[in-house]
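Participant: Here it is, the structure in full.
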Amino acid sequence: MTGHDHLLQAPGTAPYLRAQGLGWQPPGAGSPLLLAGLDFELGPGLHLVQGGEGRGKTALLRLLAGLLVPDAGQLERQLASQAWPDPLDPARDAQQAADWLAEERARHAAWHADTAAALQEAWQLGPHMAKQMHMLSAGSRRKLGLLAAAASGAELVLLDMPFAALDGISRRVLLELLEDAARQCRQIWVMADYAAPSGLDASLFASRIDLGE
């Protein structure tokens, strides 16, 4: 089952992802299942995928995005749109930040310009928009990606290690963004990290998928 075949949604229905016995095996002869027997259902709100290094957090996000095909079980995706922008892609190094963001805006019909403007100001990204991506720090590139994800209006928003390379002020802005995400009734937000971030009320997570240490 490929995820791109299921970016469909009946009018008026809420988006969801439903897994039964989900498993995935890295390519290569003899590789063991990295993910096995996962059962979950994700609806609107904020969800956490947590686990130690090499436990398959990014692989699970790629499965949710339809970029990987499960080797076991089933994954049903009831979605009309998704966002997982990657400003850290080296192929984007020579591109201006403003041009990269314009591409993201054009990709999403439900783009929230007010959200983009507010986050650009909060994260002080304005002075960097005319720069090529390779001139931005890892933290600035990550903030640009978070801005694009938050402003996308997509029904599925995926965040992989979103706090990496963020300073204290930027971290607080992201915490506020995640608090807002937890109250969403039309969007599924899934973040992957080693553990729940400090400063965020654990009760805000609609669910947790723990992949172990």
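The values are calculated or read from the model by the stated rules, or taken from the named source; none is laboratory data. The structure displayed is predicted, hence computed values, not measured ones. Every residue, glycine among them, receives a Cβ derived from its backbone with ideal geometry; neighbour counts consider all protein chains shown. Surface areas here come from the heavy atoms of the whole protein model, side chains and all, with no ligands, DNA or RNA. Shrake-Rupley method; radii C 1.70, N 1.55, O 1.52, S 1.80 Å.
Participant: Below 12 angstrom from the Cβ of Trp100, what's the summed charge of the other residues (Lys, Arg +1; Asp, Glu -1)?
Facilitator: -1
Participant: While we're looking at this one, here's another question. Choose one answer from Arg92, Arg77, Arg141: the residue with the largest mean-square fluctuation in a GNM of the chain with alpha-carbon springs under 10 Å.
Facilitator: The residue that fluctuates most here is Arg92.
Participant: Among Val173, Val157, Val69, what's the order by accessible area (1.4 angstrom probe), most exposed first? Can you show the working numbers first?
Facilitator: Numbers: Val173 25, Val157 0, Val69 70 Å².
Greatest to least solvent exposure: Val69, Val173, Val157.
Participant: When you count, for each residue, the other Cβ atoms within 10 Å and take the mean per peptide, how do 120-126, 145-151 rank with the highest first?
Facilitator: On the way: 120-126: 15.4, 145-151: 24.0.
Per-residue Cβ counts within 10 Å, averaged per peptide and sorted highest first, yield 145-151, 120-126.
Participant: Over 18 Å, how big is the tail of the calculated P(r) for the range 22-175, in percent of all Cα pairs? Don't jump to the answer; show the numbers that get you there.
Facilitator: Details: 7362 of 11781 pairs.
Beyond 18 Å sits 62 percent of the P(r) for the range 22-175.
Participant: Something else: Fully extended, how many nm does the chain gain between Glu179 and His134 (0.36 nm per residue separation, minus their Cα-Cα distance)?
Facilitator: Additional length available on full extension: 13.1 nm.
Participant: Compute the separation of the alpha-carbon centres of the range 11-68 and the range 116-160 and state it in Å as a whole number.
Facilitator: When both Cα centres are located, 25 Å separates them.
Participant: Bin width 10 Å, alpha-carbon pairs only: give the P(r) of the range 33-77 as whole percents, running from 0 to the bin holding the largest distance.
Facilitator: Going out from 0 Å in 10 Å bins, the range 33-77 shows 23, 62, 15 percent.
Participant: For the range 185-203 and the range 162-181, compute the distance between their C-alpha centroids and round to whole Å.
Facilitator: 11
Participant: Let me ask something else. Pairing the Cα long axis of helix 138-151 with the longest principal axis of the chain, what angle in degrees results, from 0 to 90 and rounded to the nearest 10?
Facilitator: Helix 138-151 sits at roughly 70 degrees to that axis.
Participant: Rounded to the nearest 500, what is the 222 nm mean residue ellipticity of the chain from helices alone, with -39500 (n - 2.57) per DSSP H run of 4+ residues and division by all residues?
Facilitator: Helix contribution divided over all residues of the chain: -8500 deg cm²/dmol.
Participant: So, with a 1.4 angstrom probe, what is the percent of accessible area on the range 6-107 that is carbon and sulfur?
Facilitator: Values: 2480 of 4860 Å².
Of all accessible area on the range 6-107, carbon and sulfur atoms account for 51 percent.
Participant: What FRET efficiency comes out for the pair Ala14/Gln95, r = Cβ-Cβ distance, R0 = 41 Å, nearest 0.05? Each step should come with its number before you reach the end.
Facilitator: Details: r = 35 Å, r/R0 = 0.86.
Rounded to the nearest 0.05, the efficiency is 0.70.
Participant: Provide the packing ranking of 42-49, 129-136, i.e. peptides ordered by the mean count of other C-beta atoms within 10 Å per residue, highest first.
Facilitator: Values: 42-49: 21.2, 129-136: 15.1.
In descending order of packing, they fall as 42-49, 129-136.
Participant: Then there is this: If I fit a long axis through the Cα atoms of helix 97-107 and take the longest principal axis of the Cα atoms of the chain, what angle between them do I get, 0 to 90°, rounded to 10?
Facilitator: The angle comes out near 50 degrees.
Participant: DSSP loop (so not H, G, I, E, B), at most 12 other Cβ within 10 Å: list which GluC sites (Glu not before Pro) in the range 16-86 pass both filters.
Facilitator: Glu53
Participant: For the range 1-142, with every protein chain kept in place, what is the accessible area per residue (1.4 Å probe, Å²)?
Facilitator: 50
Participant: Hey, rough spin-label estimate for Glu53 and Leu33, points 7 angstrom out along Cα→Cβ, what's it come to in nanometres?
Facilitator: So the two model labels end up 2.6 nm from each other.
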